[in-house]
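Notes follow once the structure below has been shown.
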Amino acid sequence: MAMQNERGLTLVEVLAVFVIGSIISVIGIQILMAGFKSYEHVTAQTELRDEADYIMSKLINELYTVKTSEIKKKHLNSSDDYEYYLEFDDKVVGFKDGNVLTKDGNLLLPNHNIQAVFKQTESDEGTMIEEISDNQFKITLVLQKKNTDHRLKLISEIGIIDDSNGRKGQ
C-alpha cells in the first residue's frame with residue numbers, strides 16, 4: 001500500500017516556520033546580549049570595588065595610628081588645586097598631583113585601567129579628604145574605569161588620636 005498524500009509542505013507553512021524561527025532567534029540573541037552586557041558591568045564594578053578597597057585600606061592603615069601632634073600641615077578643602085593631604089615630618093598621606101600618596105610614597109594601582117577621579121570644579125564629585133570635626137576625617141574616593149562610564153564612589157570616616165590634652169598645661 002502506497003501513500004496517497006504526497007503533497008509536502010505548502011508555502012504558507014514554510015513561511016510560518018521561518019517567521020516563528022526568526023522571532024525565537026531574535027529573542028534568544030537579545031537575551032544573550034543582555035547577559036554579556038550584565039557580565040561586563042558586574043566585572044567593571046568588581047574591579048572598581050577591589051581597587052577602592054585597596055586604596056581605602058592603605059589610607060586608613062596609614063591614618064589609624066596617627067596622633068594630632070604628628071600632623072604638621074593639613075591641606076584640605078582647597079578649591080584652588082583640589083589636592084587633599086596631611087603632611088607629616090617627611091611624608092604626605094592623601095591625594096596630591098593626581099596621585100594617591102601614602103607614607104611609603106606614591107601608591108600605584110594594581111589595575112592600570114582604573115584611575116582616581118579628582119575634582120576639577122567646585123560642583124564636581126571627586127576624590128577628596130574633608131575634616132568633618134576635630135580629629136575626624138571623611139575620605140571620599142571616586143574611581144573610574146578608563147574609557148568607560150563605570151564609576152564607583154566610596155566614603156569612609158576615620159578618627160585620629162588626640163594627644164593634645166596631656167600637653168595643654170605644660
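In the list Val92, Val100, which residue meets the criterion of being surrounded by 13 or more Cβ atoms within 10 Å (Cβ to Cβ), more than 18 Å from Lys153 (Cα to Cα) and out of contact with any His (no Cβ under 6 Å at 6 or more places or on another chain)?
That would be Val92, the only listed residue that is surrounded by 13 or more Cβ atoms within 10 Å (Cβ to Cβ), more than 18 Å from Lys153 (Cα to Cα) and out of contact with any His (no Cβ under 6 Å at 6 or more places or on another chain).
Within the stretch 31-78, take every residue that is farther than 20 Å from Lys153 by Cα and among the charged types (D, E, K, R) and give me the one that is most open to solvent (accessible area, probe 1.4 Å).
Checked the stretch 31-78; the qualifying residue most open to solvent (accessible area, probe 1.4 Å) is Lys37.
Output the number of the condition that Leu108 fails; it satisfies all remaining conditions of (1) closer than 14 Å to Met128 by Cα; (2) modelled with pLDDT under 90; (3) of a type in the set (A, V, I, L, M, F, W, C).
(1)
Taking the stretch 114-163 only, how many residues are assigned to a strand (DSSP E or B) and open to solvent by less than 70 Å² (accessible area, probe 1.4 Å)?
Adding up the residues that qualify gives 24.
Is it fair to say Lys146 is free of Cβ contacts under 8 Å to residues at least 40 places away in the same chain, touching a strand residue (DSSP E or B) at 6+ places or on another chain (Cβ under 8 Å), under 14 Å from Tyr84 (Cα atoms) and not aliphatic (A, V, I, L, M)?
So Lys146 fails the test.
Please find, within the stretch 1-30, the residue that is modelled with the highest pLDDT out of those that are among the polar types (S, T, N, Q) and open to solvent by 80 Å² or more (accessible area, probe 1.4 Å).
By that ranking, first place goes to Gln30.
The values are calculated or read from the model by the stated rules, or taken from the named source; none is laboratory data. Bear in mind that the values here come from a model prediction, so they are computed numbers and not experimental data. Positions of Cβ are backbone-derived with ideal geometry, glycine not excepted, and every protein chain shown enters the neighbour counts. For the accessible areas, the whole protein counts, side chains as well, though only heavy atoms, and no ligand, DNA or RNA atoms are used. Shrake-Rupley method; radii C 1.70, N 1.55, O 1.52, S 1.80 Å.
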